[in-house]
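Written below as structure tokens is the structure these notes are about.
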Amino acid sequence: MAIKVPNTFYISHGPPTLPIEERCIHLKNFLKSFQEKVFSQRPSSILLISGHWETSYPTVNVVSDGPSDTIYDFEGFPEAMYQFKYPAPGAPELAKRVKELLVSSGFERVDEDNKRGLDHGAWVPLMQMYPEGDIPVCQLSIQTDRDATYHYNMGKALAPLKDQGVLIVGSGGTTHNLEMLSETATSVQPWAQEFDTWLKEALIDGRYEDVNNYKEKAPHATLAHPSPDHFYPLHVAMGAAGAYSEAQLIHHSWGWSSLSYSSYKFTSHEILDP
């Protein structure tokens, strides 16, 4: 019988070069300690929502004939990056269940991709978190032409998966504006700090509606996320945790003066009848 998973997670996955990047040592150490210090249960499978898979409709990758391919969805990096492999097994049954839950919750069209492996928003953090690569993984895409509430509702639809031992992980970046990176700055850029602080306070205070309406509520929202691709995975994880969940900041570090690697754990709290 599968364990029940009380938590969902949002992980800032860092740059593609995380496996070889010493400037992200704090983030790397956090991810490497995930099983020991953050989540010691062994999930039956992992559902990962990556900021690097955008589609017109929700789509799951259905890998049923062996290990997942490792996708090198980046260019111009050191040759070592193209040698990494993360051949985790696919999770076709989980993919089918994800589709069922979404369709039954009003998402009229959910597609299947039988060829796609794991993009770097999945394999880069999972290589640190679960280096054995022996836990089945299914990816779910995001839709950047929809809003945050849509993705929150997507997460709500997927909440029953936790009762089947599925670990739900959103993978993105708490701030993600690649035009604002700095190799020389010695302090965090104020706009990034203000957005990061606002998000932390809103999540810890349980103001999920504000987080869903971050474009109107958060300072520097468009500067922090010119595209919502790296932020929507948080809304899925938040929705899957439930309305009565508690958010906890589990990691905080910075890269290139404006990339926040803040990561969060959401813990469900059942409401008992009096």
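The values are calculated or read from the model by the stated rules, or taken from the named source; none is laboratory data. Just so you know, these numbers come straight off a predicted model, no measurement behind them. Glycine gets a Cβ as well: all are built from the backbone with ideal geometry, and neighbour counts include every protein chain shown. Only protein heavy atoms, including side chains, enter the accessible area calculation; ligands, DNA and RNA are left aside. Shrake-Rupley method; radii C 1.70, N 1.55, O 1.52, S 1.80 Å.
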The lone condition residue 49 fails out of (1) assigned to a helix (DSSP H, G or I); (2) surrounded by 18 or more Cβ atoms within 10 Å (Cβ to Cβ) is (1)
For segment 162-187, enumerate the residues that are over 16 Å from the mean Cα position of the chain (by Cα) and either surrounded by 23 or more Cβ atoms within 10 Å (Cβ to Cβ) or farther than 18 Å from residue 104 by Cα (or both).
-> 165, 177, 178, 179, 180, 181, 182, 183, 184, 185, 186, 187
With the checklist (1) assigned to a helix (DSSP H, G or I); (2) in contact with a strand residue (DSSP E or B) (Cβ under 8 Å, 6 or more places away or on another chain); (3) open to solvent by 50 Å² or more (accessible area, probe 1.4 Å) in hand, flag the one item residue 57 doesn't pass.
-> (1)
Among the candidates 226, 190, 233, which residue alone is open to solvent by 10 Å² or more (accessible area, probe 1.4 Å) and within 19 Å of the chain's Cα centre (by Cα)?
-> 226
In contact with a strand residue (DSSP E or B) (Cβ under 7 Å, 6 or more places away or on another chain) and modelled with pLDDT of 95 or more: does that describe residue 195?
-> no
Before we move on, is residue 144 among the β-branched types (Val, Ile, Thr), more than 17 Å from residue 171 (Cα to Cα) and surrounded by fewer than 18 Cβ atoms within 10 Å (Cβ to Cβ)?
-> no
Given (1) basic (Lys, Arg); (2) closer than 29 Å to residue 36 by Cα; (3) touching a Pro at 6+ places or on another chain (Cβ under 9 Å), index of the condition residue 200 fails = (3)
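Condition check ((1) at pLDDT 95 or above; (2) surrounded by fewer than 24 Cβ atoms within 10 Å (Cβ to Cβ); (3) in contact with a strand residue (DSSP E or B) (Cβ under 6 Å, 6 or more places away or on another chain)) across all residues:
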site: 218; (1), (2), (3): yes, yes, no
site: 240; (1), (2), (3): yes, no, yes
site: 256; (1), (2), (3): yes, yes, no
site: 265; (1), (2), (3): yes, yes, yes
site: 268; (1), (2), (3): no, yes, no
